[in-house]
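Student: Pasting in a structure now, in structure tokens, and then I'll have a few things to ask.
The values are calculated or read from the model by the stated rules, or taken from the named source; none is laboratory data. Since we're looking at a predicted model, the values are computed, not measured. Every residue, glycine among them, receives a Cβ derived from its backbone with ideal geometry; neighbour counts consider all protein chains shown. We work out accessible area using only protein heavy atoms, side chains counted, and drop any ligands, DNA or RNA first. Shrake-Rupley method; radii C 1.70, N 1.55, O 1.52, S 1.80 Å.
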Amino acid sequence: MNRLPTLQAAVTAAVVGLAASLSACAQAPDTQQDPDAEQTPPSQQAPTIQTEGTLIYLADNLDEEAGLGWCIDTVGRGQSDQLHAHSCKPTGGDVQFSFDADTGHIESVEYGGLCMAYSDPENVEVPFGLLDCVDDEPTQRFAYDSDTMEIKYGADPPQCVTVAETIDDAGPYQSRDLIMAACADLPASFKQWVIRA
């Protein structure tokens with residue numbers, strides 16, 4: 001009795017099955033995440049950040065029409081003592097801020113030695129200023145929660161840095177008021193920030 005055809009059929013079937021398994025593995029998406037990748041919650045639309053270097057920006061594009069996202073920025077052109085949120089300019093400059101977890105300072109990269117301060121809380125449109133950095137100044141202390149991606153006010157942690165709903169034109173870009181509000185009352189898209197060193 002010749003078993004060669006049966007053996008050949010079995011080998012052929014095994015090879016075809018192995019090839020199909022390898023093909024399926026090659027097409028399977030890579031589910032491993034890069035631990036250094038910038039976070040964007042899955043329900044949000046991430047901006048296309050063109051600014052290079054140190055930056056603090058909202059994780060959600062939040063209707064920025066060019067898809068540039070929202071950064072902390074000085075009001076007007078050049079140096080200003082007032083802050084708002086602005087389209088993240090590809091050229092960087094006054095939209096670039098850094099965060100120091102030890103001091104709680106959010107410091108301008110462009111204007112070193114000047115820090116974000118919750119200096120005018122009664123001003124509903126422009127409560128944040130850009131002032132000389134002062135250690136242990138309560139209005140300049142913030143905390144970043146990497147789990148929730150919230151920037152909280154050091155003097156009142158249930159309060160978060162956020163942006164207003166209204167979008168204004170700012171030349172070729174857009175702006176929003178940068179404000180403080182109760183973290184619990186804010187949708188995630190308005191309070192989740194990415195801090196890029």
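Student: When ranked by the protection proxy of mean other Cβ atoms within 10 Å per residue, highest first, what sequence do the peptides 70-76, 49-55, 128-134 form?
Tutor: Final packing ranking: 70-76, 128-134, 49-55.
Student: Turning to a different aspect of this structure: How many angstrom lie between the C-alpha centres of the range 148-182 and the range 86-128?
Tutor: 11
Student: Follow-up question, since we're still on this one. Provide the solvent-accessible area of F99, counting protein heavy atoms only and rolling a 1.4 Å probe, rounded to the nearest 10 Å².
Tutor: Using a 1.4 Å probe on the heavy atoms, I get roughly 50 Å².
Student: Next up: Out of residues 5 or more away from V75 or on other chains, whose amide H comes under 5 Å of its own, with H placed 1.01 Å from N in the peptide plane?
Tutor: Close amide H contacts, sequence-distant or interchain: Q82, L83, H84.
Student: Further question on the same structure: Quick one: pull the percent of accessible area on the range 52-99 belonging to carbon and sulfur, 1.4 Å probe, ligands and nucleic acids left out. Each step should come with its number before you reach the end.
Tutor: Values: 660 of 1710 Å².
So the carbon and sulfur contribution to the accessible surface is 39 percent.
Student: Roll a 1.4 Å probe over the protein chains and send me the accessible area per residue for the range 50-197 in Å².
Tutor: Per-residue accessible area for the range 50-197 comes out at 45 Å².
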